[in-house]
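Comments concern the structure below.
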There are 4 protein chains.
Amino acid sequence: MNKICAVVASRANYGRIKYLLKAIEQNKNLELQLVVGASILLHRFGNAIDIIREDGFKPNKEIHYIVEGETLLTQAKSTGLGVIELASAFNELKPDYVITVADRFETMSTAIASTYQNIPLIHLQGGEVTGNIDNRVRHSITQLADYHFVASNKAQEKLKCMDINPNRIFNYGCPSMDVLDKNSLALDEERLNKYKGVGGQINWKQKYILMVQHPVTTSYGDGYDQIIESLHALKSLDEYQKIILWPNPDAGSDDVSKGIRQFREKYKPDKFYFYKNFSPEDYAIILNNASCCIGNSSSFIREGSFLGVPAVIVGDRQCGRETGNNIEVSDYNRNEITEKINKQLKNGKYEKEFIFGDGNAGKNIALEINNICNG
Amino acid sequence: MNKICAVVASRANYGRIKYLLKAIEQNKNLELQLVVGASILLHRFGNAIDIIREDGFKPNKEIHYIVEGETLLTQAKSTGLGVIELASAFNELKPDYVITVADRFETMSTAIASTYQNIPLIHLQGGEVTGNIDNRVRHSITQLADYHFVASNKAQEKLKCMDINPNRIFNYGCPSMDVLDKNSLALDEERLNKYKGVGGQINWKQKYILMVQHPVTTSYGDGYDQIIESLHALKSLDEYQKIILWPNPDAGSDDVSKGIRQFREKYKPDKFYFYKNFSPEDYAIILNNASCCIGNSSSFIREGSFLGVPAVIVGDRQCGRETGNNIEVSDYNRNEITEKINKQLKNGKYEKEFIFGDGNAGKNIALEINNICNG
Amino acid sequence: MNKICAVVASRANYGRIKYLLKAIEQNKNLELQLVVGASILLHRFGNAIDIIREDGFKPNKEIHYIVEGETLLTQAKSTGLGVIELASAFNELKPDYVITVADRFETMSTAIASTYQNIPLIHLQGGEVTGNIDNRVRHSITQLADYHFVASNKAQEKLKCMDINPNRIFNYGCPSMDVLDKNSLALDEERLNKYKGVGGQINWKQKYILMVQHPVTTSYGDGYDQIIESLHALKSLDEYQKIILWPNPDAGSDDVSKGIRQFREKYKPDKFYFYKNFSPEDYAIILNNASCCIGNSSSFIREGSFLGVPAVIVGDRQCGRETGNNIEVSDYNRNEITEKINKQLKNGKYEKEFIFGDGNAGKNIALEINNICNG
Amino acid sequence: MNKICAVVASRANYGRIKYLLKAIEQNKNLELQLVVGASILLHRFGNAIDIIREDGFKPNKEIHYIVEGETLLTQAKSTGLGVIELASAFNELKPDYVITVADRFETMSTAIASTYQNIPLIHLQGGEVTGNIDNRVRHSITQLADYHFVASNKAQEKLKCMDINPNRIFNYGCPSMDVLDKNSLALDEERLNKYKGVGGQINWKQKYILMVQHPVTTSYGDGYDQIIESLHALKSLDEYQKIILWPNPDAGSDDVSKGIRQFREKYKPDKFYFYKNFSPEDYAIILNNASCCIGNSSSFIREGSFLGVPAVIVGDRQCGRETGNNIEVSDYNRNEITEKINKQLKNGKYEKEFIFGDGNAGKNIALEINNICNG
């Protein structure tokens, strides 16, 4: 039985890979080893580990390696500490393959720790193109990886352009689409009421806008000003409720968080609800039923195009990324953001597009990994 | 004045980059910051730091980050510890650009520590192709780097194939050729006698064969058997003196060293002389005057082709690398090695080839870096 | 000139040592090297570094080494990372003596990093006795230290009991008393209004109670319940304003913070004001003018006895510590706490006691260090 | 069943604790968890892990945490990295008690990693007094420990002087005596011939002197000169064979090793045999049958007094330590050393003394630990 070790190190990572983990678990020839770490374990970021356990997974290792600070310096140091700790973990678990997803610093730690121990590396979501440091990290990991499971045709083309062996590139779409296909995405008020955010109880029956805006590491230090513009734009849309999700623990997230907190203290704005974390399924429901999304989360582009949810991408974090028709882009400017949101609200839902897969990625990738194991 | 921070972390690194460091130091618009670390500082690997100081350099930082063990695991951990320490160093030195060379794990640490702090990264010797884990690490660093100074036309082509922006690729050859061009390479007995190796005093006036054979990380665990074959081949060539240079501190070097030590104890072989380290200039002289070279050092391919020194490359560490006519390749087999060495001894010196530059790389790269700073 | 390197790694540390740092700086024979690190640098803990800079200090090094998580595990790891980073710092700064204060994990990191490099260690506040893991860490550091500056007679006796050389023990009191002696502690509304906490603007002219309650590492996991009792006690005292200071980043502070946040969300209590940080002088003013203090801060015992401020110590974190008459102790029980606070409010200010020094510690310790340097 | 986790991190550590490990393993109420790390795992120090495995132990964790360099700086860093890694190990193994031995930097790492996680710490060999940094580290660990198993009456007295709770101090002697009591210590030529050192095959039937000399961390930098004196003394005693054991990986061991290597190269001395490692039983045999011992190994004092083996302690590493009649002390001076060795050779074997126990320590300590668990 081949041991497949997946490293999951952030809320977003988990949402992206969950249905692949399930598929590996159900495959009789594969043994899933699950290593969780970094912000997954942190209270400040919503203890995503609890959701993973509720989903029935039993992590083999839980590893703390975030050096606190959320500066560029501490992000680099976290990467280094991650390598040290993950190297030990792999040395003990002795996996036959390691799986890593996307482009965060935890992904880089995983890639280095496995590559230097000659453990073949399976990389998901290579070949995508964005603005931000993520772009280089993603391509850099691609060069360390042995097998590449891309999420779109364009990504596949990009990898070929980078001189990657085409026989090692597979395009089954992104497993984060699977959750959209396999669950009812109707609004279930009772179910969602379990989330206790700050700002009181949202009324799920009424219209809301969803905001997810992360710091942009290449413009480190501007996060405060950037988020303030978005918040003012939302404040002006007073007939909508607003759901605000706290940012990832990247360099600069302190600035973003500070902006949110100070805005809240100063304006005590009405109908703003702040959350740390949702399960992938619940996030899918919330996304699907949003009147509009705003921020720079890649979920607006990926899951958003599948669902046809109108979204306004602010700034250049996702610049260059392949998008569907559901996306408008705006500068960090409260007036332009407001205008674009209004345009999207008027438009309403878009047609579904299957740029990033049709909802069967997890199952197909697991089968292909099984093929790889058998040679 | 622009601060250019070069990280030098192994004996080989230093030889490769020394003439570039000199050229940066002499450029009035550039300020050299020198960070040395890893095996450079270790007695076991010959205290290369002493040679650097004798050359007039004053390191800004000396950083220890090798986790002892020379296994795949400790190599990964050293990479992680390197990131942690180098990140702090860059944070303090605040360089405008960071320079890193080639493809070792220390190079990867440098690349990550600078990239995550948004410091533009200058990479030397990208685009080369070899067998070994070095190959992926090299390409991975290429994807993190901002500017690429390649050493050959083929390397330049390879980077273009990898979808690297051609305007950011420069081909001035490898600065390790500069030492060959700028110094007399005649044998200077008095000068070389300062090196006190193990095995007594070599007679520099008599013929010798030079062996440099490193462990191969992708076939970790085989180093002992591999070196034994080479040593037996050398033993059979009894009219030649043999110079043996100890291996780099890579995963597996313990095996190689053990092979050398046990061979020495068991056979007490005649005319074998063991050294840890030479200055780049002295190494160039020794290489130039060798009757033949054997092992897997990339210097046989690079400096060797420039000088026309006959060499036998053993095994697949350099597999795929662009070579000149001076190279024969052999399997790990004492008979084949002996045969190929004899063939090379019979041939004698080859014509010079300038595949990796004409000896002006240091100066030209420094000028180009100056352009980049202004541009 | 002798280089004296002080490591300051938490808000509390800085308050304790500030007047010693000033005195060293003013001594012509001593050169102050200041290393700041850990929570001093973190936004979440109020960026105490800004206050240090405003006081005119220029840190030689700023070092991040907190591994995020605030569990027992991450506290241990932070200690380890601190040793690694501080060892490099000392190696570069080459101090003649290192100063460390009290008993936190950052203190332990400092002690190990200096001891293993044969740098004589000066320890402040050894010999005190408390409940908590701090107690063993404090005594353990005592055994590593070369010179001991205690804060009270009892502490001096305790060190002698521990078989410490009496000639190396000095009792000049605690430099945290100096701030009380050298500044007006009258309430200065204008000055204090610069602090923008959460909960709106306190009215400094009206009566208030000060709460500082840290997690207790030996009863890790109980912090949430413990703080809730204190908060309910405070809530019942509705004619007083309440100043709540966030806890230190110890194992368990997440629980304490969570308790405070949830209490605030749930009850939206009136007249509660939340702050992250005050300068030592401003903290002294706030302490001096409090109607009563509650929690487990050692400042209630030290500065509190000097000022005669009534205080209720909750739980066993300070158990065993030498106290003045101004202290009442309560269990984690809202009724008992309320009762004890009321008793203290009725009593009002106590007579001053000089258990921990008379306000000249900084100057005297600096002079003694100078003596030590001279031999 | 109570889980007792022992951390063994050097050749000497293992010899000291082996019979305790056996006794724990045989106790039905105790479950042994064995963590090995640091130099135990290193080829350079003789792969002591192989001996541990041959003895039937199966380590639960193998942890690399030596930062290479053997300077004071890297020794400090190794301590820090050890804390990080051991903290993770304990977090995973969840022992009820942790056992640590003596006073090395690995011991300190163990003590901190367990103390900060509230795991009760059992310390062996506290209370002894020596010159060297080891002395403070030993006392410092004592203050972190919960239970103290001392090796001699004097050590017990010392702990009481340090204000340690007498009920927590137990004196059953040192388990390193057990090996002396439970095995035949007659010279078994066949058995010892399995060790292949450098220098050819020793003739075990003929007389030999045993040298074990470690670097002294408080006089870091002098190790080269110190060892040279000892080696010259030995060289002058030409009718004896000499067994030289390589030093521990402490700060300064590079200097000592260099001295040994250069001496060997320069003088090619006759009858010198160099070894990295012996099993505890074989070491006991070799020690017992030595005509004389020289160096600064604590085994000369402990096991030596039990066996009555004459020994010359060179320098001040063991200064202050309680010794038997079998010890002479010499300065680092070849003439004095030679003279003292000759005096000892003339004296021959001494009477046995049971200062450090009667050979039943392992069994008795295990029983007491069982009591503690139940109590």
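Could you list all residues from segment A:134-154 that are out of contact with any Ser or Thr (no Cβ under 9 Å at 6 or more places or on another chain), buried (at least 21 other Cβ atoms within 10 Å of the Cβ), of a type outside the set (Ser, Thr, Tyr) and within 14 Å of chain B (Cβ to nearest Cβ)? Of everything in segment A:134-154, nothing turns out to be out of contact with any Ser or Thr (no Cβ under 9 Å at 6 or more places or on another chain), buried (at least 21 other Cβ atoms within 10 Å of the Cβ), of a type outside the set (Ser, Thr, Tyr) and within 14 Å of chain B (Cβ to nearest Cβ).
Taking the options B:Gly131, B:Gly126, name whichever one is buried (at least 24 other Cβ atoms within 10 Å of the Cβ) and either assigned to a loop (DSSP other than H, G, I, E, B) or within 11 Å of chain A (Cβ to nearest Cβ) (or both).
That would be B:Gly126, the only listed residue that is buried (at least 24 other Cβ atoms within 10 Å of the Cβ) and either assigned to a loop (DSSP other than H, G, I, E, B) or within 11 Å of chain A (Cβ to nearest Cβ) (or both).
Can you tell which of B:Glu70, B:Glu62 is more than 19 Å from B:Asp254 (Cβ to Cβ) and not in a helix (DSSP H, G or I)? From the options B:Glu70, B:Glu62, the qualifying one is B:Glu62. Residue-level check: of (1) within 11 Å of another protein chain (Cβ to nearest Cβ); (2) surrounded by 21 or more Cβ atoms within 10 Å (Cβ to Cβ); (3) more than 17 Å from C:Val8 (Cα to Cα); (4) not basic (Lys, Arg), C:Glu157 misses just (2).
Quick one: would you say C:Val101 is crowded, with 22+ Cβ neighbours inside 10 Å, at the interface with another protein chain (Cβ under 7 Å from one of its Cβ atoms) and under 23 Å from C:Asp250 (Cα atoms)? It is false that C:Val101 is crowded, with 22+ Cβ neighbours inside 10 Å, at the interface with another protein chain (Cβ under 7 Å from one of its Cβ atoms) and under 23 Å from C:Asp250 (Cα atoms). What's the total number of residues in segment A:22-58 that are of a type in the set (Lys, Arg) and facing another protein chain (nearest Cβ under 8 Å)? Summing the residues that are of a type in the set (Lys, Arg) and facing another protein chain (nearest Cβ under 8 Å) in segment A:22-58 gives 1. Restricting attention to segment A:222-277, the residues being of a type in the set (Phe, Trp, Tyr) and without any contact (Cβ under 8 Å) to a residue 40 or more places away in the chain number 3. Residue pairs whose Cβ atoms lie under 7 Å apart, separated by 6 or more positions or on different chains, with the first residue in segment A:282-301 and on the phi > 0 side of the Ramachandran plot and the second part of a strand (DSSP E or B) and surrounded by 24 or more Cβ atoms within 10 Å (Cβ to Cβ), are A:Gly295/A:Met211; A:Gly295/A:Val314. Of all residues assigned to segment C:111-128, none qualifies as being more than 30 Å from C:Met1 (Cβ to Cβ), of a type in the set (Asp, Glu) and free of Cβ contacts under 8 Å to residues at least 60 places away in the same chain. Flag: A:Lys61 matches the condition of being among the basic types (Lys, Arg), more than 13 Å from chain B (Cβ to nearest Cβ) and free of Cβ contacts under 8 Å to residues at least 60 places away in the same chain. Taking segment B:251-340 as the region of interest, none of the strands (runs of 3 or more DSSP E) fully inside it holds 3 or more residues being of a type in the set (D, E, K, R), under 18 Å from B:Gly173 (Cβ atoms) and in the same structural domain as B:Val129 (by TED's automatic domain parsing).
Being under 30 Å from D:Asn60 (Cα atoms) and either assigned by TED's automatic domain parsing to the domain that holds A:Asn364 or modelled with pLDDT of 95 or more (or both) is the requirement here; does A:Glu31 meet it? The answer is yes for A:Glu31. Would you be able to say whether some residue in segment A:280-300 is surrounded by fewer than 22 Cβ atoms within 10 Å (Cβ to Cβ), farther than 23 Å from A:Gly126 by Cα and among the aromatic types (Phe, Trp, Tyr)? No, segment A:280-300 contains no residue that is surrounded by fewer than 22 Cβ atoms within 10 Å (Cβ to Cβ), farther than 23 Å from A:Gly126 by Cα and among the aromatic types (Phe, Trp, Tyr). C:Glu92 - would you say it is within 12 Å of another protein chain (Cβ to nearest Cβ), assigned to a helix (DSSP H, G or I), charged (D, E, K, R) and without any contact (Cβ under 8 Å) to a residue 40 or more places away in the chain? It is true that C:Glu92 is within 12 Å of another protein chain (Cβ to nearest Cβ), assigned to a helix (DSSP H, G or I), charged (D, E, K, R) and without any contact (Cβ under 8 Å) to a residue 40 or more places away in the chain. The set of residues in segment C:14-57 being touching a helix residue (DSSP H, G or I) at 6+ places or on another chain (Cβ under 9 Å) and among the basic types (Lys, Arg) consists of C:Arg16, C:Lys18, C:Lys22, C:Arg44. If you go through segment D:230-245 and keep only what is within 23 Å of the chain's Cα centre (by Cα) and either among the charged types (D, E, K, R) or under 24 Å from C:Gln117 (Cβ atoms) (or both), you end up with just D:Lys242. Restricting attention to segment C:257-277 and to residues that are closer than 16 Å to C:Asn203 by Cβ and of a type in the set (D, E, K, R), the residue that is surrounded by the fewest Cβ atoms within 10 Å (Cβ to Cβ) turns out to be C:Asp270.
When the test is whether a residue is surrounded by fewer than 19 Cβ atoms within 10 Å (Cβ to Cβ), within 14 Å of chain B (Cβ to nearest Cβ) and within 24 Å of B:Cys161 (Cβ to Cβ), A:Asn118 does not pass it.
Would you point out the residue of segment A:64-89, among those that are β-branched (Val, Ile, Thr) and either without any contact (Cβ under 8 Å) to a residue 40 or more places away in the chain or within 12 Å of chain B (Cβ to nearest Cβ) (or both), that is farthest from A:Cys373 (Cα to Cα)? Top of the filtered list is A:Thr71. When the test is whether a residue is part of a helix (DSSP H, G or I) and either surrounded by fewer than 21 Cβ atoms within 10 Å (Cβ to Cβ) or of a type outside the set (Asp, Glu) (or both), B:His232 passes it. Scan segment B:100-139 for residues that are under 19 Å from B:Ile84 (Cβ atoms) and of a type in the set (S, T, N, Q) and jot them down. Result: B:Thr100, B:Thr107, B:Ser109, B:Thr110, B:Ser114, B:Thr115, B:Gln117, B:Asn118.
Taken together, A:Gly357, A:Gly320, A:Gly324 contain a single residue that is in contact with a Cys (Cβ under 9 Å, 6 or more places away or on another chain) and away from chain C (no Cβ under 14 Å), which is A:Gly357.
The residue list B:Gln241, B:Gln344 contains one member that is modelled with pLDDT of 95 or more, farther than 19 Å from B:Gly200 by Cβ and out of contact with any Gly (no Cβ under 9 Å at 6 or more places or on another chain), which is B:Gln344.
Just checking, which of D:Ile52, D:Ile84 is modelled with pLDDT of 95 or more, farther than 23 Å from B:Gly80 by Cα and in the same structural domain as D:Val7 (by TED's automatic domain parsing)?
Being modelled with pLDDT of 95 or more, farther than 23 Å from B:Gly80 by Cα and in the same structural domain as D:Val7 (by TED's automatic domain parsing) holds for just one of D:Ile52, D:Ile84, which is D:Ile52.
You will find that of C:Leu20, C:Leu81, C:Leu93, the residue that is buried (at least 24 other Cβ atoms within 10 Å of the Cβ) and either within 21 Å of B:His64 (Cα to Cα) or out of contact with any strand residue (DSSP E or B) (no Cβ under 9 Å at 6 or more places or on another chain) (or both) is C:Leu81 and no other.
Scanning segment B:364-373 for residues that are touching a residue at least 60 places away in the same chain (Cβ under 8 Å) and either surrounded by fewer than 19 Cβ atoms within 10 Å (Cβ to Cβ) or on the phi > 0 side of the Ramachandran plot (or both) gives B:Leu367, B:Glu368, B:Asn370, B:Ile372, B:Cys373. Annotation: B:Leu32 fulfils all but one of (1) under 22 Å from B:Asp250 (Cα atoms); (2) touching a Leu at 6+ places or on another chain (Cβ under 9 Å); the unmet one is (1).
The values are calculated or read from the model by the stated rules, or taken from the named source; none is laboratory data. The shown structure was predicted, so the numbers you read here are calculated from the model rather than taken from an experiment. All Cβ positions, even for glycine, are placed from backbone atoms using ideal geometry, and neighbour counts span all protein chains on display.
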